[in-house]
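Heads up: the structure comes next, in structure tokens.
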Amino acid sequence: MTATEAIPDGTSARPRHSAAQPTAYARKAYPLWFHLPGGIVFLLLFLVPTVFSFYFAFTRWTLFESYFIGFDNFVMFFSEPGLIGSLRNTLVYGFVTSGAKVVLGMLLAVVLSAPIIARGYLRSVTFFPVLVSAVGVGLTFQVLLDPFNGLVNQVISSITGADGPGWLTDPNIALLSVAAIDIWKGVGLATLIYIAGIAAIPNEYFEAARVDGASSWQSFRNIILPLSFPATSTVIILSLIGGLRSFDLIWTTTGGGPGFASDVIASVIYKQYQAGFYGLSTAGNVILFLVVTAIIYPLSRWLNSKETVL
């Protein structure tokens, strides 16, 4: 059929434009202009700094000059005495905090999605620590967890009669103590994401489960848990990235100590900056970037494949 279509009496109709033409044009050109501002911002704030970071990682540089020295910065960084320990601490901290936020966030979201009294107020209280500065939280808990005059140990002593542990001064528990603070601060965001995921589940599923006589546990296991998997994958990725890159909370509570007990890669990098080894610390940033990418990228692909199956 041509643009000028024939009609039964042999005359010709007026030319008709295909409706697909503006649609194809819109798909081809119109969205590209909307991608352009975001692309420029992404280029200037991410790609350009990343390329410069990779370059300066191979140099010895100051604010005014730089000298190319090859892989010397990476060799020096890997020769750091506390690097292996800091890498282990980074992985432990990241996986402990993200795992706890997933579990606690899911449980709190289930409770706060139920028709309970003061539900809105409890949601606000749960989310409030997310809004507080990590530096402020770290300094506050540094005072609360002081082994001699801290409120937490005073309460423990008044109840048990024994001295409380050195939460931030004992090398065996310092890292886990900071991880617990991080969990308290960040679980509100995980809870909010899970609440949104549960709210997106159609109510018909729950009604059908009630008609079939399903218990609360069965509804959670067979409805909430699988259908909120997109929220779970989001919480895992965000909390794991935050845990692997964590610095401010660790630095304000323990400073990486005692000794190197709570040092992570980010705190080692900061110590190099403090000492004036800018190229060495830049190489550390590149190593941290590669470590996070090597963990997050395959994990994200795997989680996305599970979402597709669902």
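The values are calculated or read from the model by the stated rules, or taken from the named source; none is laboratory data. Everything quoted here is computed from the prediction, not taken from an experiment. Using ideal geometry, Cβ is built from the backbone for each residue, glycine included, and neighbour counts are taken over all protein chains shown. Just the protein is used for accessible areas: all its heavy atoms, side chains included, with ligands, DNA and RNA removed. Shrake-Rupley method; radii C 1.70, N 1.55, O 1.52, S 1.80 Å.
Just one of the listed residues (Thr126, Thr97) is buried (at least 19 other Cβ atoms within 10 Å of the Cβ), more than 23 Å from Val292 (Cα to Cα) and touching a Gly at 6+ places or on another chain (Cβ under 7 Å), namely Thr126. Do you know which residues across the stretch 179-188 are surrounded by fewer than 21 Cβ atoms within 10 Å (Cβ to Cβ) and either out of contact with any Pro (no Cβ under 7 Å at 6 or more places or on another chain) or of a type in the set (Ser, Thr, Tyr) (or both)? Selection gives Ala180 alone. When residues in the stretch 272-308 are screened for being over 21 Å from the mean Cα position of the chain (by Cα) and either of a type in the set (Gly, Ala, Ser) or surrounded by fewer than 19 Cβ atoms within 10 Å (Cβ to Cβ) (or both), 10 of them pass. The single condition from (1) under 19 Å from the mean Cα position of the chain (by Cα); (2) open to solvent by less than 10 Å² (accessible area, probe 1.4 Å) that Thr234 fails is (2). Looking only at the stretch 146-176, residues that are in a helix (DSSP H, G or I) and either free of Cβ contacts under 8 Å to residues at least 24 places away in the same chain or crowded, with 20+ Cβ neighbours inside 10 Å (or both) come to 12 in all. For the stretch 223-258, a tally of residues being in contact (Cβ under 8 Å) with a residue 60 or more places away in the chain, β-branched (Val, Ile, Thr) and not in a loop (DSSP other than H, G, I, E, B) returns 8.
Scanning the stretch 34-75 for residues that are open to solvent by 80 Å² or more (accessible area, probe 1.4 Å), touching a Phe, Trp or Tyr at 6+ places or on another chain (Cβ under 8 Å) and either in contact (Cβ under 8 Å) with a residue 60 or more places away in the chain or of a type in the set (D, E, K, R) (or both) turns up just one, Arg60.
For Ile201, the conditions (1) closer than 30 Å to Arg245 by Cα; (2) free of Cβ contacts under 8 Å to residues at least 60 places away in the same chain; (3) open to solvent by less than 40 Å² (accessible area, probe 1.4 Å); (4) within 24 Å of the chain's Cα centre (by Cα) all hold with the exception of (1). Once the stretch 204-231 is narrowed to residues that are β-branched (Val, Ile, Thr) and buried (at least 18 other Cβ atoms within 10 Å of the Cβ), the residue that is farthest from Val130 (Cα to Cα) is Ile223.
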